[in-house]
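Following: one structure in structure tokens, then a few remarks.
The values are calculated or read from the model by the stated rules, or taken from the named source; none is laboratory data. Owing to the predicted nature of the structure, the values given are computational and were not obtained by experimental measurement. Glycine gets a Cβ as well: all are built from the backbone with ideal geometry, and neighbour counts include every protein chain shown.
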Ligand SMILES: [Zn+2]
Ligand SMILES: [Zn+2]
């Protein structure tokens, strides 16, 4: 793709095909501006992987022309990849003071990020990163200091919405002020690049103020211990829980490292001042059951998070018993449903009462993203020439684009990850596609998500493996019995399992007996014929094609 200096481009490198992994870039005058760099959750298609990242290769290749990375807010799907990917970008980072505080804590965990510079931009401030002029405009969301970005260039203006809603009574920060949006609309907006998460949901997203009341009413009905699970970054919800707890005469403890990180960043920035001190984890046991509420990580069923560990009975300090209550005050992210059900099953086995948003009359969760009425309101304020739907699954993006067209926006685009959208000159449209993808985070390395290691792991889940070693002399005779081991096919410790492996050995000997002397001299030939033969034999026996490897050793 040949980028022209006088054209204005938008490319979503991640976040346009799934929830999470947001990474967006704008290009103009040979310069590039990146917005957000977030993680996504891996589902069972990625065995052994918890976290996915957007592939930053496109931006990395243009690093010398990258004017900066802006983070709109401190949610993981916008901020969570920075500590992994910054070493490949090495550009200045711009964020609100709270977002910067969270980012610095996260980046301090990676020594490769020690030179990273995070520059704080306050609400309403304008940042000049030529040829882009960016104004941080506060919006309501479930985390403090969330910004929509007004991006001005000399060929047109863009509103990059980030995540937002029109909660009339937020528990953190102020309701979104329409005035700056209307004013920006009056200047003329070429493109609105916007949050599609709730574009399929009618009405308004609701109010965090109602959640606080709903939780307080629910807590009063509960005896025993209460645990509430949320996203650690949902500081608005955390405050609602604390205030509701106070009203119901309970103290609050935090379980989970990411909660402590977020809360300490929030306190450093002057938030949560009216929230009482938390009870330490060690002191939970000294409080009567009906005087404690635990806020725990793991609302998405993450196996290693606190909630899943407690539910499995693997937590050192905390156990749940009949009569205790676990409240899921979060929405399942698509793809996490199975893990969440697994956690709920474990809780149910301990006769713990489980409360989820859909199964209670109380309001215990509202979304931080705009529903259809809110999107409509925003588009009426801004009156953009085009809407580009990002941040969501395909059906959400399509619903967002359809709504925009219904509202007489002249152009609506549903991009894919890597779509090159020319915003200027002419009508905005997809003109090309650049290579992008996902990366998978392992404890010791980062791999491409379609790396053979992961592809093979996925296959192994279904097929099992057979390994055979043949020790042969120079004449092609076996020096000792072939060694065979299988994984995921039989129980190697019981009789039928051992018989199965013995049968494979007999098969190996039969295959060798059919080979000529010349063939037996050829290691490659022997191992390949043997691999095919063993695979065929197992398929005949079990109707499964195992991953098969054969080593020929000459002595
Ligand atoms: Zn968010
Ligand atoms: Zn988001």
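Below are the figures for this structure:
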| item | result |
| --- | --- |
| Segment 11-31: number of residues that are more than 14 Å from ligand 2 (Cβ to nearest atom) and touching a strand residue (DSSP E or B) at 6+ places or on another chain (Cβ under 6 Å) | 7 |
| Strands (runs of 3 or more DSSP E) contained in segment 185-264 and holding at least 1 residues within 16 Å of ligand 2 (Cβ to nearest atom) and either touching a helix residue (DSSP H, G or I) at 6+ places or on another chain (Cβ under 9 Å) or closer than 30 Å to residue 393 by Cβ (or both) | 191-195 |
| Selection status of residue 361, farther than 26 Å from residue 403 by Cα, modelled with pLDDT under 95 and more than 16 Å from ligand 1 (Cβ to nearest atom) | yes |
| Looking only at segment 11-31, and only at residues there that are outside any loop (DSSP other than H, G, I, E, B) and within 15 Å of ligand 1 (Cβ to nearest atom), the one that is surrounded by the most Cβ atoms within 10 Å (Cβ to Cβ) | 14 |
| Test: residue in segment 501-510 that is assigned to a loop (DSSP other than H, G, I, E, B), in contact with a strand residue (DSSP E or B) (Cβ under 7 Å, 6 or more places away or on another chain) and surrounded by 12 or more Cβ atoms within 10 Å (Cβ to Cβ) | no |
| Options 53, 8: the member that is touching a strand residue (DSSP E or B) at 6+ places or on another chain (Cβ under 7 Å), modelled with pLDDT of 95 or more, more than 16 Å from ligand 1 (Cβ to nearest atom) and under 27 Å from residue 395 (Cβ atoms) | 53 |
| Number of positions in segment 530-551 that are touching a helix residue (DSSP H, G or I) at 6+ places or on another chain (Cβ under 7 Å), over 18 Å from residue 481 (Cα atoms) and outside any strand (DSSP E or B) | 4 |
| Residue in segment 32-49 that is on the phi < 0 side of the Ramachandran plot, at pLDDT below 95, within 16 Å of ligand 2 (Cβ to nearest atom) and in a loop (DSSP other than H, G, I, E, B) present | no |
| Some residue of segment 517-529 being assigned to a strand (DSSP E or B) and surrounded by fewer than 17 Cβ atoms within 10 Å (Cβ to Cβ) | no |
| Which numbered condition residue 1 misses (of (1) in contact with a strand residue (DSSP E or B) (Cβ under 9 Å, 6 or more places away or on another chain); (2) at pLDDT 95 or above; (3) surrounded by fewer than 24 Cβ atoms within 10 Å (Cβ to Cβ)) | (2) |
| Answer from 348, 311, 322 - the residue that is touching a residue at least 24 places away in the same chain (Cβ under 8 Å) and surrounded by fewer than 21 Cβ atoms within 10 Å (Cβ to Cβ) | 322 |
| Elements of type strands (runs of 3 or more DSSP E) contained in segment 109-173, each with 2 or more residues being touching a residue at least 60 places away in the same chain (Cβ under 8 Å) | 132-139, 146-153, 156-160 |
| Failed condition for residue 443, given (1) at pLDDT 90 or above; (2) under 30 Å from residue 88 (Cβ atoms) | (1) |
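Residue-wise test of (1) away from ligand 2 (no atom under 15 Å from the Cβ); (2) in contact with a helix residue (DSSP H, G or I) (Cβ under 6 Å, 6 or more places away or on another chain); (3) outside any helix (DSSP H, G or I); (4) not assigned by TED's automatic domain parsing to the domain that holds residue 196.
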residue	(1), (2), (3), (4)
85	yes, no, no, no
88	yes, yes, no, no
91	yes, no, yes, no
104	yes, no, no, no
